[in-house]
Structures are given as structure tokens and as C-alpha cells.
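Peer 1: Can you read through this structure? Questions will come right after.
The values are calculated or read from the model by the stated rules, or taken from the named source; none is laboratory data. Predicted, not measured: the structure shown is a model, and the values here were computed from it. Quick reminder, even Gly has a Cβ in these numbers, built from the backbone with ideal geometry, and neighbours come from all protein chains shown.
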Number of protein chains: 2
Amino acid sequence: MRARFLETAADEIVALGDALIQTAHRETGLPVARLEGERGRTTGQLRLFAAVVREGSWVDARIDPALPDRKPLPRPDVRRMLRPIGPVAVFGASNFPLAFSVAGGDTASALAAGNPVVVKAHPAHPGTSDLVASALRSAVQKAGLPVGVFVMVHGASPEVSLALVRHEAIQAVGFTGSIRAGRALWDAAAARPRPIPVFAEMGSINPLIVLPGALRERRDAIAEGLVGSCTLGVGQFCTKPGLVLGLSSPEWDAFARSVADRARAITPGVMLHAGIQASFDRAVRELQGVAWLTDTGARVARVSAADFARQPHLAHEIFGPYTLLVTASSRGELLQLLGALDGQLTATLHGTADELAAAQDLVDVLGRVAGRLVFNGYPTGVEVSHAMHHGGPYPASSDARFTSVGSAAIFRFARPVCYQSCPPALLPPELRDENPLGISRLVDGRATRDPIPPRA
Amino acid sequence: MRARFLETAADEIVALGDALIQTAHRETGLPVARLEGERGRTTGQLRLFAAVVREGSWVDARIDPALPDRKPLPRPDVRRMLRPIGPVAVFGASNFPLAFSVAGGDTASALAAGNPVVVKAHPAHPGTSDLVASALRSAVQKAGLPVGVFVMVHGASPEVSLALVRHEAIQAVGFTGSIRAGRALWDAAAARPRPIPVFAEMGSINPLIVLPGALRERRDAIAEGLVGSCTLGVGQFCTKPGLVLGLSSPEWDAFARSVADRARAITPGVMLHAGIQASFDRAVRELQGVAWLTDTGARVARVSAADFARQPHLAHEIFGPYTLLVTASSRGELLQLLGALDGQLTATLHGTADELAAAQDLVDVLGRVAGRLVFNGYPTGVEVSHAMHHGGPYPASSDARFTSVGSAAIFRFARPVCYQSCPPALLPPELRDENPLGISRLVDGRATRDPIPPRA
């Protein structure tokens with residue numbers, strides 16, 4: 001039934017039709033084609049979670065059958081599975097008015113786990129939020145669920161957000177946005193009489209390393225791909241590569257020129273709202289200690305690794321069409337710089353087949369710094385799938401152990417409940433001997449879909 | 001190799017021989033037989049985690065193979081698995097000088113996940129801690145691991161503990177102890193520039209409900225089991241049933257007399273240290289608003305549900321041989337009282353087969369309050385297995401989503417790393433097409449041990 005509810009929610013969003021797209025376009029300035037794609041991503045996420053819930057194995061059912069003859073003491077029958085954590089507060093993000101907003105990944109995964117959701121709409125797209133909320137309310141009604149399963153509140157003041165996080169009924173928080181706002185929610189949740197988990201996906205500059213052989217093989221193609229990734233969505237993606245690193249060489253200089261030429265030719269689109277545009281303009285205007293390679297179009301700057309290391313502000317995220325090229329004098333210096341970075345959502349490595357085969361040192365350091373490693377590609381365009389991990393060490397996210405994209409996002413909003421010596425009739429179906437749902441379970445530590453054999 | 005290391009650690013603890021048991025006996029006052037049992041539990045935990053690591057599926061490997069022909073965009077190859085979170089700080093508990101201390105469940109699970117561990121020894125058993133630490137260091141050496149893989153520090157001052165939690169190299173914390181100490185560590189970790197997760201297993205009064213039919217069927221047997229559970233380890237278990245609830249009736253009064261008679265006949269053992277004994281004596285002496293049923297032996301008091309609800313201090317844990325009987329006037333009052341409880345590690349329900357079959361209301365409310373539900377048994381004696389969950393809503397533990405006992409405890413100390421379009425040779429074995437380790441993996445969302453078919 002929960003699966004059907006999620007699918008109905010997707011249907012209801014589709015049924016909003018062009019009014020949704022036009023409203024979102026008006027409120028965010030994002031192009032219609034991008035919004036149509038994002039709507040597909042949003043409904044796709046709801047359907048993915050419906051499939052996960054219907055398949056059922058996500059509850060991580062574990063069964064250790066009784067061992068009545070064990071010495072010195074018999075072992076009792078012990079079974080556990082994941083249950084809903086309780087009401088979840090979700091904060092809509094400005095940069096994805098559909099996919100990371102009212103019915104976005106946080107809401108979909110929290111509902112899929114069986115929790116009620118209270119959404120705080122992002123003030124940058126209130127009309128879009130109202131439309132999507134009406135679709136969700138309609139799905140709640142059609143599913144015959146209590147109206148409290150989905151509630152949305154508006155409010156531009158931080159006090160509204162903090163009051164929501166502090167409310168004793170709220171048991172977990174999902175958030176995508178700035179480090180400052182995410183940290184404020186984290187601090188409020190941690191200071192509660194009963195602290196709750198906050199899953200805040202915050203800042204990242206997403207280092208991208210280009211090795212020398214890759215430059216020789218396909219310098220301009222990488223420059224083209226990089227500029228495309230940096231300016232996608234007007235640079236307003238949390239996975240935008242904001243830091244590009246290479247080794248000092250004539251090829252690297254030529255790559256920098258190629259990037260700058262392409263960036264200069266870009267006509268930046270309209271940003272999400274006036275505040276973001278003003279922040280971007282100010283950040284670029286006030287940035288010290290770099291050499292600018294472009295003064296129009298997308299903004300590209302350059303600095304040496306030594307100067308980068310001396311100026312911690314250069315490692316701060318600048319949301320918008322900007323990236324910083326960093327020239328390292330040696331692989332050792334490159335490794336040292338990467339190892340000193342704050343936590344990142346992604347790290348990307350471009351190299352020839354031979355270079356990658358010899359890049360275990362880089363893979364090791366990047367694996368400690370980032371949540372997702374991309375090879376010969378670009379970090380923007382986060383696949384919504386089972387194996388995706390969208391998260392990373394702080395401040396990329398507030399808890400590196402959880403993803404906010406993909407089906408594993410459901411694990412943020414569930415907790416185990418264990419049943420010891422429970423009469424079969426009281427067990428949830430997921431834990432019954434006969435495995436009526438046919439899910440994959442861990443029986444005595446081994447994954448299987450087999451039923452538990454009848455007790456002797 | 002990690003599995004072999006954990007097994008060697010178990011062997012080295014066994015090799016300490018009677019010196020370990022005698023030292024622990026001298027320092028804690030716990031009986032030799034109990035300590036021998038606890039040593040078996042400790043080495044059993046290490047061997048369980050060795051088996052989990054050797055089997056290998058715990059890394060939750062997920063593979064979404066590339067879909068080069070997908071429209072509108074090809075899907076890249078995406079794979080993820082759990083990797084070590086980083087150095088873990090573990091705080092030894094006073095009440096299990098072996099199984100929840102230097103080489104206890106926190107240390108075993110953190111090492112099993114691949115992390116270095118820094119143990120802060122509990123000041124109540126420094127000699128025991130030194131012996132176990134020497135065994136672990138010996139295992140580190142025999143495994144050829146860096147000496148930093150296991151380090152132990154002493155220190156009775158809270159400043160030592162806080163300095164450890166605040167150290168920027170520490171990435172997670174395991175703790176078992178009081179709410180006050182656990183909350184102090186939580187607050188320190190949450191206030192770090194880069195916050196880290198704290199897994200603190202803290203206080204619980206473990207409600208135990210006896211339904212009327214069960215009283216008629218086996219009143220004295222339940223009284224016997226309850227008093228045994230309350231006085232096991234001199235009542236110094238975090239799962240001690242400190243709250244016993246029933247419905248007002250002559251049978252309930254007879255049960256109370258039966259419990260009191262048995263409790264009075266107990267000769268309490270020596271407590272872990274003078275501080276715990278003094279705290280217990282003071283807590284019992286100063287407890288207001290209850291009627292005492294015993295004034296010697298194990299301490300049993302009684303109160304009405306209405307009076308219990310009016311006096312929040314009665315819901316605080318009293319560590320030691322004490323329990324409180326609460327008489328409810330109706331099932332509604334019972335349900336209301338249970339629903340208002342703080343988070344609990346366990347909740348126990350005694351009933352006849354018919355009573356349990358009709359107890360869905362109780363199971364629902366207990367499942368929201370507690371991490372483990374026990375039927376017709378006792379909560380002490382926590383099985384170390386795959387399906388065990390030892391944790392619960394705050395303050396039972398600081399994060400209800402994780403267990404500190406059983407093989408699932410390993411998930412506290414690992415985080416996913418995702419590889420997108422990674423050359424096969426750079427992939428960890430767990431994620432390679434051919435599945436060389438034969439582990440269970442989620443391929444396109446479906447659990448399987450099959451290899452990935454060769455790409456066309």
C-alpha cells in the first residue's frame with residue numbers, strides 16, 4: 001500500500017501538467033526543458049522507492065533461530081527489522097525546486113520508510129511548493145492515509161526552521177543547502193533534550209584532477225566537458241567541479257587557456273534568485289590571491305598549489321559559474337593538497353588507462369576525502385540508483401555514512417526493532433518463518449530468501 | 001588478514017590465563033565464574049566479527065552496471081561499498097570489564113570495520129585494562145599491523161575523555177555508561193568544527209509488563225525469574241528490568257508479595273566500586289513517593305500508575321538491585337504510561353498465548369519506545385548474534401538506528417564510498433565483476449552472489 005501511495009504521488013505530480021513547469025520556471029528562472037527533466041527525476045525517485053518498498057528486502061530482516069540445546073544456555077529466537085523512525089522534517093532546496101524539494105528525495109525516502117513528513121518549503125519557490133504539496137495531499141487522500149502523513153509549512157525566517165527541528169515530535173531532519181544553514185539545524189538538533197539525526201547535504205568544491213597523459217590525449221575535450229559541468233544549471237549544483245588540479249607543464253598551460261576560452265564564450269543563465277546572484281557577484285569581486293583567466297562569461301581563476309594552501313578561503317564553495325585551476329609542482333604536492341581538503345561529495349580523476357592503473361595513491365587519498373569517485377567523467381548529473389552515494393565527510397554532509405540520493409537514502413529514516421521469543425502471530429510478515437513476502441533476509445548471518453525450516 | 005588479526009586478539013586474551021580473571025575479580029568484585037563467562041563472550045565477539053569480515057558481505061556492495069543505450073542519457077557504471085570511517089575512540093564500561101571494555105564489542109566492531117581504535121580505559125579496572133591492551137598490542141604485532149592500530153590511554157578526569165572526543169583525528173565514538181557522561185561526550189562531538197557520530201549506550205529502566213493470565217498461570221515462576229534478572233550482576237546491567245507493570249487485582253498483589261519475598265531473601269553481592277555502591281545507597285535512601293516492599297536484600301518498591309506519572313524522577317534508572325512495581329487501574333492507563341516513557345533498550349511482555357495474541361496494542365506502543373521486545377522472558381543476557389539489537393530511542397542510546405551488540409554493530413564505523421566508471425583494476429575486490437570473494441551484493445537492486453556478466 002505504501003508503494004501504491006508513492007506511485008500515486010508521482011501520478012499526481014504528472015497530473016499537475018504544464019502549470020507546474022510554468023510556475024517553477026517563473027519562480028526559479030530555470031529553463032523549461034531542465035524543469036521537465038527534473039520532474040521526470042522527481043517522479044522517477046518516487047517510483048524507485050515504491051519499487052524498493054514493494055520488493056521489501058530493504059528492511060534488513062535478520063533472523064537468528066532459537067538453539068534450545070545450546071550449552072551452557074539455550075539461545076532464544078531473535079529477529080529484527082527496520083521500522084519507521086518517526087516524523088521527519090524536510091527542508092526544500094532552492095537549486096532543485098522539484099527533485100530536492102517538496103516531493104524530492106528526502107520526502108520520498110522518508111515516506112517510503114513509513115514516516116510522516118513535515119516539509120518546510122523553500123521561500124524561493126513557494127508557488128511550485130504549493131502545487132507539489134497539493135499533489136502529495138491528493139495522494140494521501142487517495143491512499144486513505146491520515147492527513148498528517150504529509151504537511152507543508154512556509155516561512156522565510158530561520159526561526160520557523162529552528163522551531164521545526166526543535167519540535168519534540170520530529171525524529172529526523174533532511175536538508176540540502178548551505179553549510180551555514182545546515183550547521184544551524186545540526187546545532188539545534190544536537191542541543192535538543194532528545195537529540196535527533198540531521199542529514200544535511202551542504203558544501204563541496206568537488207576536486208577534479210587531470211593527469212598529464214589525459215591532457216595530451218584529449219585536452220580540449222576535457223576542457224569542453226569541464227566547462228559544461230561547471231556551468232550546468234548556471235553552476236548551481238552541489239556537485240559542480242569548483243577546483244581543477246594538474247601538474248605544472250606546457251600542456252597544463254594550454255589546457256588552462258582552452259578552459260578559459262570556452263568559459264569566456266558562455267552566456268551565463270539567470271540565477272535562481274537575486275540573493276544568489278548577489279552572493280556570486282560579491283564572492284567573485286572580492287576573491288583575493290588568484291589570477292583571473294576570464295572577466296566575462298563563466299569565471300575561471302588560477303593559482304599555484306602553494307598559494308592555494310596558504311589561503312584557506314580559496315577552498316570555500318562559490319555557488320555559480322566559477323572554477324579555480326590549481327597548478328601543482330609535483331605529484332607529492334598534489335597528493336598533499338588533496339589530503340588536506342575538507343570533506344567532499346565527489347572527486348574526479350582524468351587519466352589515460354596507464355595513468356589510472358598507476359593511480360592507486362590518488363584513489364586512496366580521494367577515497368578518504370570524498371563520497372564518490374568519478375573516473376574520466378564529470379561529477380554533475382547524479383544518477384538516482386541503488387549504488388549511488390551522494391554524501392561525504394563533513395562538511396559535504398553532516399553524516400558521511402548516509403546518502404541523500406538513491407535508494408539507500410531510505411536508511412536514514414528507519415531504526416531496527418528486535419523481537420525476542422515473539423509468538424509467530426505477533427511477528428511482522430517480514431520476520432515470519434515462511435517468509436511470505438519472499439524478501440532477502442539474513443538467517444544466522446547468511447543472506448537467503450528461503451523460509452525458516454519448521455522447528456523440531 | 002583482518003579476520004586473522006581479530007582471532008589472534010581472541011587467542012591472546014585467552015593466553016592471559018587466570019591472571020586476567022584474578023585481576024578483574026580483584027578490581028571489580030565480580031565473581032570468577034561470571035568473569036570467565038564474560039571472557040568467553042569477549043573472545044566470542046572477536047571471533048564473530050572475524051567471521052563477518054571473512055564472509056565479506058557486510059560491506060553492502062551495490063553495483064548498478066552501465067546502461068550505454070539508455071535514453072536520453074547513458075547510465076554510467078556505479079558501484080559502492082562500505083569503507084572504514086577512520087580512527088574510533090572507545091570508552092570502556094565499568095560493568096563489563098571485559099565484554100564492554102578494552103577489547104569489547106565497540107573495539108571489536110571498530111577494528112573489524114578496518115579502523116584504528118583509541119581506548120580510554122575505565123578507571124575502575126586499570127589493571128584488567130592493561131592486561132587486555134597488552135593482548136591486543138601483541139595481536140597487532142603478530143598481524144604485522146602498524147602499532148597505531150590499537151592504542152589505550154588512562155585517565156579519570158573528564159577532561160581526558162573530552163580531549164579524546166575533540167581530537168580532530170577521531171572520526172567516531174563508542175561509549176557505554178551513564179546518561180550524564182554519554183551526553184557530555186555527545187555534546188562535545190556535536191560542537192566540533194567537524195562533528196562526528198557518538199554511539200552512547202546510556203540509561204534504561206526496561207519496563208516489564210505482566211498480564212493477568214500470565215499471573216494466574218505462573219505467578220511465582222515469573223517472580224522468581226524477575227528477581228533473578230533484577231539481581232544478576234548485582235543489578236548492574238543496562239538491561240535490568242527496573243519497572244514492572246501490571247493491572248490492579250488480587251493476583252497482582254499476590255505477585256508483588258511473591259517478588260518481595262524472593263527479593264528479601266537475596267544477599268546482594270559486592271558492587272563494582274565504592275562510588276556505585278554509594279550512589280545506589282543514596283538513591284534508595286532518598287527515593288520519595290513509593291511504598292517499600294523490602295528493606296533488606298534486593299530493594300522492591302511499589303507505586304500506582306497515577307502516582308508514577310506524577311513523579312518523573314521515578315522513571316530514572318537506579319543502577320543496582322532495585323525494581324519498582326507499578327499498578328495500573330486499566331489497560332488504557334497502562335498503555336498511556338508506556339507511551340510516555342523515555343526511550344528504552346528493552347521492553348518485556350509476559351502473557352498467556354491468548355493474551356499475547358490480543359496484545360497488538362501493547363506491541364505497537366512498546367515498539368515505538370524500545371529497541372528490543374522480549375516475550376515471556378527477561379531482558380538481561382543480551383545474545384551476541386546477527387539479529388540482536390542493543391539500542392533504543394534516546395536516552396537508551398544516542399542514536400536509535402544502531403546497535404552496540406551483535407554483528408550489526410560494525411555499521412556504526414563504516415561509510416560508503418562510491419566508484420563511478422572506475423577501471424576494473426582499480427576497483428576493490430568486493431566490487432569487481434567476477435565477485436572474487438563470492439559475497440552477496442545488490443546488483444541493480446537485487447541481492448545475488450552471481451558475477452556481473454561480461455559487457456557486450
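Peer 1: Within the stretch B:312-332, can you find the residues that are surrounded by fewer than 19 Cβ atoms within 10 Å (Cβ to Cβ) and not small (Gly, Ala, Ser)?
Peer 2: B:312, B:313, B:316, B:331 - these are the residues of the stretch B:312-332 that are surrounded by fewer than 19 Cβ atoms within 10 Å (Cβ to Cβ) and not small (Gly, Ala, Ser).
Peer 1: Out of A:235, A:246, report the one residue that is buried (at least 24 other Cβ atoms within 10 Å of the Cβ) and within 20 Å of the chain's Cα centre (by Cα).
Peer 2: After ruling out the rest, the residue left standing is A:235.
Yes or no, residue by residue, for (1) within 18 Å of residue B:95 (Cβ to Cβ); (2) not aliphatic (A, V, I, L, M):
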site: B:283; (1), (2): yes, no
site: B:298; (1), (2): yes, no
site: B:305; (1), (2): no, no
site: B:318; (1), (2): yes, no
site: B:327; (1), (2): no, yes
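Peer 1: If you don't mind, another one. Here's a check for you: in the stretch B:1-18, which residue that is under 18 Å from residue B:55 (Cα atoms) and out of contact with any helix residue (DSSP H, G or I) (no Cβ under 7 Å at 6 or more places or on another chain) is modelled with the highest pLDDT?
Peer 2: B:4
Peer 1: Of the conditions (1) within 30 Å of residue B:381 (Cα to Cα); (2) facing chain B (nearest Cβ under 7 Å), residue A:375 fails just one. Which one is it?
Peer 2: Only one criterion is unmet by residue A:375, namely (1).
Peer 1: Could I ask something else about it? Taking the stated definitions as given, is residue B:393 out of contact with any His (no Cβ under 7 Å at 6 or more places or on another chain) and outside any helix (DSSP H, G or I)?
Peer 2: When the stated conditions are applied, residue B:393 passes them.
Peer 1: Just checking, which of A:173, A:153 is closer than 30 Å to residue B:372 by Cα, among the hydrophobic types (A, V, I, L, M, F, W, C) and at pLDDT 95 or above?
Peer 2: A:173
Peer 1: Part of a loop (DSSP other than H, G, I, E, B) and among the aliphatic types (A, V, I, L, M), is that true of residue B:387?
Peer 2: yes
Peer 1: Determine whether residue B:296 is of a type in the set (S, T, N, Q) and assigned to a loop (DSSP other than H, G, I, E, B).
Peer 2: Against the criterion (of a type in the set (S, T, N, Q) and assigned to a loop (DSSP other than H, G, I, E, B)), residue B:296 qualifies.
Peer 1: Looking at the stretch B:377-396, which of its residues are more than 18 Å from residue A:74 (Cβ to Cβ) and free of Cβ contacts under 8 Å to residues at least 24 places away in the same chain?
Peer 2: Scanning the stretch B:377-396 gives a single hit, B:389.
Peer 1: Checking the condition crowded, with 19+ Cβ neighbours inside 10 Å and charged (D, E, K, R), which residue from B:64, B:18 passes?
Peer 2: Step by step, each of B:64, B:18 is checked, and only B:64 is crowded, with 19+ Cβ neighbours inside 10 Å and charged (D, E, K, R).
Peer 1: Only one residue in A:412, A:331, A:432 is basic (Lys, Arg), at pLDDT 95 or above and under 29 Å from the mean Cα position of the chain (by Cα). Which one?
Peer 2: Selected residue: A:412, the only one of A:412, A:331, A:432 that is basic (Lys, Arg), at pLDDT 95 or above and under 29 Å from the mean Cα position of the chain (by Cα).
Peer 1: How many of the residues in the stretch B:394-434 are within 9 Å of another protein chain (Cβ to nearest Cβ) and among the small types (Gly, Ala, Ser)?
Peer 2: Of the residues in that region, 8 qualify.
Peer 1: Of all residues in the stretch B:339-354, count the ones that are polar (S, T, N, Q) and part of a helix (DSSP H, G or I).
Peer 2: Total satisfying the criteria: 0.
Peer 1: Moving to a separate point now. Can you report the number of residues in the stretch B:47-57 which are buried (at least 22 other Cβ atoms within 10 Å of the Cβ) and not aliphatic (A, V, I, L, M)?
Peer 2: The qualifying residues number 1.
Peer 1: Every residue in the stretch B:435-456 that is more than 7 Å from every other protein chain (Cβ to nearest Cβ) and outside any loop (DSSP other than H, G, I, E, B), please.
Peer 2: B:441, B:443, B:446, B:448
Residue-by-condition table, conditions (1) under 26 Å from residue B:171 (Cα atoms); (2) away from chain B (no Cβ under 14 Å); (3) part of a helix (DSSP H, G or I); (4) in contact with a helix residue (DSSP H, G or I) (Cβ under 7 Å, 6 or more places away or on another chain):
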{"position": "A:306", "(1), (2), (3), (4)": "no, yes, yes, no"}
{"position": "A:309", "(1), (2), (3), (4)": "yes, yes, yes, yes"}
{"position": "A:318", "(1), (2), (3), (4)": "no, yes, no, yes"}
{"position": "A:323", "(1), (2), (3), (4)": "no, yes, no, yes"}
{"position": "A:332", "(1), (2), (3), (4)": "yes, yes, yes, no"}
{"position": "A:337", "(1), (2), (3), (4)": "yes, yes, yes, yes"}
{"position": "A:356", "(1), (2), (3), (4)": "no, no, yes, yes"}
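Peer 1: From the list A:200, A:188, A:254, A:221, exactly one residue is more than 19 Å from residue A:346 (Cβ to Cβ), crowded, with 19+ Cβ neighbours inside 10 Å and at pLDDT 95 or above. Which is it?
Peer 2: A:188
Peer 1: Still on this model: Of B:108, B:113, B:89, which residue is within 12 Å of chain A (Cβ to nearest Cβ), at pLDDT 95 or above, under 19 Å from the mean Cα position of the chain (by Cα) and crowded, with 23+ Cβ neighbours inside 10 Å?
Peer 2: B:113
Peer 1: Would you mind listing the strands (runs of 3 or more DSSP E) fully within the stretch B:1-106 where at least 3 residues are more than 27 Å from residue B:447 (Cβ to Cβ)?
Peer 2: Those strands (runs of 3 or more DSSP E) span B:88-91.
Peer 1: Then there is this: For the stretch B:138-163, which residues satisfy the criterion of being more than 19 Å from residue B:13 (Cα to Cα), in a helix (DSSP H, G or I) and either touching a Lys or Arg at 6+ places or on another chain (Cβ under 6 Å) or hydroxyl-bearing (Ser, Thr, Tyr) (or both)?
Peer 2: Answer for the stretch B:138-163, where residues must be more than 19 Å from residue B:13 (Cα to Cα), in a helix (DSSP H, G or I) and either touching a Lys or Arg at 6+ places or on another chain (Cβ under 6 Å) or hydroxyl-bearing (Ser, Thr, Tyr) (or both): just B:161.
One line per residue, one yes/no per condition, for (1) touching a Phe, Trp or Tyr at 6+ places or on another chain (Cβ under 9 Å); (2) basic (Lys, Arg); (3) buried (at least 24 other Cβ atoms within 10 Å of the Cβ); (4) closer than 30 Å to residue A:247 by Cβ:
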site	(1), (2), (3), (4)
A:335	no, no, no, yes
A:344	no, no, yes, yes
A:412	yes, yes, yes, no
A:421	yes, no, no, no
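Peer 1: Let me ask something else about it. Can you tell me which residue within the stretch A:358-376, out of those that are in contact (Cβ under 8 Å) with a residue 60 or more places away in the chain and part of a loop (DSSP other than H, G, I, E, B), is farthest from residue A:310 (Cα to Cα)?
Peer 2: Within the stretch A:358-376, the match that is farthest from residue A:310 (Cα to Cα) is A:376.
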